[in-house]
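Structure first, then comments.
The values are calculated or read from the model by the stated rules, or taken from the named source; none is laboratory data. Keep in mind that this is a model prediction, so the values were computed, not measured. Positions of Cβ are backbone-derived with ideal geometry, glycine not excepted, and every protein chain shown enters the neighbour counts.
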């Protein structure tokens with residue numbers, strides 16, 4: 001089921017001045033930046049944007065040729081760091097004030113890339129962990145649906161641990177994790193192969209995975225992969241609420257766009273976000 005949002009609109013963004021220009025590194029996979037831009041437009045409309053000129057400007061580079069992040073992390077493919085760095089530097093040279101990378105697994109290379117660029121890269125896991133801690137203080141265990149690369153890198157586990165929140169994560173190579181990976185990568189019915197279409201097999205597999213996480217003690221689910229976000233948004237039989245990091249980072253992006261102060265990395269995840277990035281169970 002798609003995430004639900006507040007219907008209370010703030011004053012029109014047409015009265016606001018855009019101070020910072022986001023740079024979106026997309027194409028990882030090809031639907032990632034499209035989904036993120038839709039979230040940006042949705043949240044911008046929530047803030048009152050009702051015409052072209054009321055939405056913020058942003059830069060986009062779709063780097064679909066970047067080597068697969070998970071394959072590299074598993075020792076099965078070439079290093080993707082050089083292309084991530086090249087893309088980040090390109091967006092910087094185009095005038096981006098800060099960077100958004102619309103791929104969860106790519107954040108395994110955050111430190112290497114961040115140390116070599118002059119603008120902040122918003123950290124999706126840290127922002128999402130802050131969101132959970134702020135809006136769900138009663139939650140102590142969160143289930144993660146993600147790629148093998150994200151699972152092995154413990155990206156969400158490390159960020160959530162900073163808030164004393166534990167994670168329920170399938171083990172790489174386990175039957176349930178293999179089904180999650182097939183839902184993302186299968187050449188015939190996986191989300192990456194289907195364009196905007198999501199197969200019934202994917203919906204069934206993600207629903208089964210969500211029930212497995214609940215059985216392990218998860219109280220909430222994080223869609224730790226863009227393709228998982230796409231699939232969960234079309235699923236109608238989930239046993240738990242789920243968080244979409246794309247929504248979290250979209251709202252964070254809009255806050256930074258309109259703030260007059262410089263964008264500082266250490267301040268990115270201390271701001272309050274609205275409790276509207278949650279998908280309910282059916």
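Report, by residue number, each residue of the stretch 258-282 that is crowded, with 18+ Cβ neighbours inside 10 Å and either under 21 Å from residue 106 (Cα atoms) or modelled with pLDDT of 95 or more (or both).
Across the stretch 258-282, the qualifying residues are 268, 269.
Can we say residue 219 is farther than 18 Å from residue 147 by Cβ and over 17 Å from the mean Cα position of the chain (by Cα)? Steps first, please.
Details: farther than 18 Å from residue 147 by Cβ: yes; over 17 Å from the mean Cα position of the chain (by Cα): yes.
So residue 219 passes the test.
Please return the ranges of helices (runs of 4 or more DSSP H) entirely within the stretch 22-99 where 1 or more residues are in contact with a strand residue (DSSP E or B) (Cβ under 9 Å, 6 or more places away or on another chain). Even if it seems obvious, please write down each step before you answer.
Working: elements: 32-46, 69-73, 81-93.
In the stretch 22-99, the matching helices (runs of 4 or more DSSP H) lie at 32-46, 81-93.
Given the structure, is residue 197 free of Cβ contacts under 8 Å to residues at least 12 places away in the same chain and in a loop (DSSP other than H, G, I, E, B)? Working first, answer last.
Working: free of Cβ contacts under 8 Å to residues at least 12 places away in the same chain: yes; in a loop (DSSP other than H, G, I, E, B): yes.
Spelling it out, residue 197 is indeed free of Cβ contacts under 8 Å to residues at least 12 places away in the same chain and in a loop (DSSP other than H, G, I, E, B).
Taking the conditions exactly as written (farther than 22 Å from residue 37 by Cβ and either modelled with pLDDT of 95 or more or not assigned by TED's automatic domain parsing to the domain that holds residue 31 (or both)), does residue 157 satisfy them or not? Steps first, please.
Values: farther than 22 Å from residue 37 by Cβ: yes; either modelled with pLDDT of 95 or more or not assigned by TED's automatic domain parsing to the domain that holds residue 31 (or both): yes.
Spelling it out, residue 157 is indeed farther than 22 Å from residue 37 by Cβ and either modelled with pLDDT of 95 or more or not assigned by TED's automatic domain parsing to the domain that holds residue 31 (or both).
Report, by residue number, each residue of the stretch 137-157 that is in contact with a strand residue (DSSP E or B) (Cβ under 6 Å, 6 or more places away or on another chain), touching a residue at least 40 places away in the same chain (Cβ under 8 Å) and surrounded by fewer than 22 Cβ atoms within 10 Å (Cβ to Cβ).
Correct list: 139, 141.
Does residue 191 satisfy being under 20 Å from residue 36 (Cβ atoms) and touching a residue at least 40 places away in the same chain (Cβ under 8 Å)? Break it down into steps so the answer makes sense when it comes.
On the way: under 20 Å from residue 36 (Cβ atoms): yes; touching a residue at least 40 places away in the same chain (Cβ under 8 Å): yes.
For residue 191, the condition - under 20 Å from residue 36 (Cβ atoms) and touching a residue at least 40 places away in the same chain (Cβ under 8 Å) - is met.
Working carefully through the options 66, 92, find the one that is assigned by TED's automatic domain parsing to the domain that holds residue 24, modelled with pLDDT of 95 or more, farther than 16 Å from residue 27 by Cβ and surrounded by 13 or more Cβ atoms within 10 Å (Cβ to Cβ). Spell out how you get there, then give the answer.
Details: 66 fails: farther than 16 Å from residue 27 by Cβ.
Selected residue: 92, the only one of 66, 92 that is assigned by TED's automatic domain parsing to the domain that holds residue 24, modelled with pLDDT of 95 or more, farther than 16 Å from residue 27 by Cβ and surrounded by 13 or more Cβ atoms within 10 Å (Cβ to Cβ).
If a residue must be within 16 Å of residue 228 (Cβ to Cβ) and within 16 Å of the chain's Cα centre (by Cα), how many such residues does the stretch 158-191 contain? Working first, answer last.
We begin by selecting, within the stretch 158-191, every residue within 16 Å of residue 228 (Cβ to Cβ); these are 167-170, 172, 176-186, 189-191.
Subsequent filtering for residues that are within 16 Å of the chain's Cα centre (by Cα) retains 184, 191.
So the count comes out to 2.
Given the criteria part of a helix (DSSP H, G or I) and closer than 24 Å to residue 159 by Cβ, does residue 214 qualify?
On the way: part of a helix (DSSP H, G or I): yes; closer than 24 Å to residue 159 by Cβ: yes.
So residue 214 fits the description; yes.
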